[in-house]
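First the structure, in the form of structure tokens, and then the observations on it.
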Amino acid sequence: MTEKISLAKETKQILQENGIILNKNLGQNYLIDDFKRKKIIEYANLTKEDTVLEIGPGIGTLTIELAKKAGKVIAIEQDTAIFNILKKRLEKEQIDNVELINGDAVKVDFPKFNKIVSNLPYQISSPISFKFLEHEFDLAVLMYQKEFADRMNGKVGTKQYSRLSAMIYFKADVKFLTKVSPESFIPSPKVDSSVVELKPKEKKIADDDFRIYSKVVKALFQHRNKKARNALIDSRHIIGFKDKKELKTILNNLEDEDSRIKELLLERTINLSPESIMELSILLKEHIN
Ligand code: SAH
């Protein structure tokens, strides 16, 4: 308990000394819970062989602990005032294995890394996660808004099953690690948070198959409760069709040729597993561009 108070006090003190008022629009909710900090660091299972990427280090609450365990930390912070505070803090503590980058993590190129550990700015959860998944890495331990984490991990047929679940499915395994409540941050967000683990899948999907799959997923999830056939027809522009009739004719022909495609098209989107959506995408492939 004393440690929790001390991290909270330390954080408030640093912010106050530097005249910083945190900006909610930048997703600035700073971790003040030392127990959760320890857990996050433990989950990452760091050795001196590791290079850790951290997005949104803030004043260094995770960064400093990461730097003690990892070989190197690369931390990308967008807010220049916060970046300068962290820079001074690292100098003062004589931590020299942190490469600090002042920029927007969605835009800057990532240097090489093999693990990611971050309490993310929640407003960039989606673009930054997809950016992570374009890179090779061993493990990510990430804090998200709980609802987002639930959707990442959504199982077919449930309320949480979403475009995000289907998109992540072939890229990484998602594992829930621990929940973090609003009081663990200043200022307290209005939402619960979850720490999750992402492990990239060893088996990679061919780029072209994934490109078609992404379009089909997007089209289907615009109508999650409709039958796939109707969802595709209603979102035909996403899969490259202007004309409703043209798509209907193609689907009719495919259904006549193949009973499996008929079966898939009759399912509602939320009941189609990622594997089934992939199957459907491959069956439709030659008609979609
Ligand atoms: N990791 C710290 C801070 C988390 S708050 C802690 O746990 O206490 C998220 C941080 O991300 C803030 O410091 C915010 O300024 C920064 N940030 C917001 N948008 C960003 C972006 N697009 N790129 C990099 N950093 C960003």
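The values are calculated or read from the model by the stated rules, or taken from the named source; none is laboratory data. Because the structure is predicted, anything quoted here is derived from the model rather than measured. All Cβ positions, glycine included, derive from the backbone under ideal geometry; neighbour counts span all protein chains shown. The protein model used for the area step is the full one, side chains on, heavy atoms only, and it has no ligands, DNA or RNA in it. Shrake-Rupley method; radii C 1.70, N 1.55, O 1.52, S 1.80 Å.
Probing with 1.4 Å while keeping every protein chain in the model, the per residue accessible area of the stretch 7-106 equals 49 Å². If the chain linking L266 and K242 were pulled fully straight, counting 0.36 nm for each residue of separation and taking away their Cα-Cα distance, it would gain 6.4 nm. Kindly provide log₁₀ I(q)/I(0) values, in the same order as q = 0.11, 0.18, 0.19, 0.26 Å⁻¹, from the Debye equation applied to equal alpha-carbon scatterers of the stretch 8-87. For the stretch 8-87, the Cα-only Debye profile gives -0.29, -0.77, -0.85, -1.35.
Sorted on the mean count of surrounding Cβ atoms within 10 Å across their residues, most packed first, peptides 198-208, 87-97 read 87-97, 198-208.
Across the stretch 130-289, Cα pairs under 8 Å and at least six residues apart give a relative contact order of 24 percent.
With both labels modelled 7 Å from their Cα along Cα-to-Cβ, the K88 to D256 distance reads 7.6 nm. With a cut-off of 19 Å on the backbone N, the residues of the stretch 179-218 near the modelled label site 7 Å out from K155 along Cα-Cβ are 179, 195-199.
Stokes-Einstein diffusion for the stretch 144-281 at 4 °C, viscosity 1.567 mPa s, with a Kirkwood radius from C-alpha pairs, works out to 79 µm²/s.
Relative contact order for the chain: 14 percent, from Cα pairs under 8 Å spaced at least 6 residues apart, divided by residue count.
Estimated at 0.36 nm per residue, the fully extended path between E275 and E147 surpasses their Cα-Cα distance by 43.7 nm. Rounded to the nearest 500, the helix-only mean residue ellipticity at 222 nm of the chain stands at -12500 deg cm²/dmol, with each DSSP H run of n ≥ 4 adding -39,500 (n - 2.57). Each Lys and Arg Cβ is given +1 and each Asp and Glu Cβ -1; about its Cα centre, the chain then shows a dipole of about 760 debye. Partners of K190 within straight-line reach, counting aspartates and glutamates whose Cα lies under 16 Å from its Cα and excluding those fewer than 8 residues away in the same chain: E147.
In terms of packing, defined here as the mean over residues of other Cβ atoms within 10 angstrom, the peptides 102-109, 158-165 line up highest first as 158-165, 102-109. Determine, at each q value in 0.09 (inverse angstroms), the log₁₀ of I(q)/I(0) that the Debye formula gives when each Cα of the stretch 1-141 is one equal point scatterer. Computed log10 I(q)/I(0) values: -0.24. Heavy-atom accessible surface of the stretch 183-250, averaged per residue, reaches 53 Å², computed with a 1.4 Å probe. Bridging of K72 to aspartates and glutamates at a Cα separation below 19 Å is possible for E42, E49, D50, E54, E91, E93, D96, E99, D109, E136, D138, once same-chain residues fewer than 8 apart are set aside.
So, with a 1.4 angstrom probe, what is the percent of accessible area on the chain that is carbon and sulfur?
48 percent
Of the residues K9, K218, the one with the largest accessible area comes first in the ranking K9, K218, computed with a 1.4 Å probe on protein heavy atoms. Protection proxy ranking, highest mean first, for peptides 75-81, 257-263: 75-81, 257-263, where packing is the per-residue count of other beta-carbon atoms within 10 Å, averaged. As a length-normalised measure over Cα pairs under 8 Å and 6 or more apart, the relative contact order of the stretch 56-181 settles at 19 percent.
The spread of Cα positions in the chain, taken along each principal axis and listed from longest to shortest, comes to 72, 36, 30 Å.
Pairs of alpha carbons in the stretch 91-202 separated by more than 24 Å make up 30% of all such pairs.
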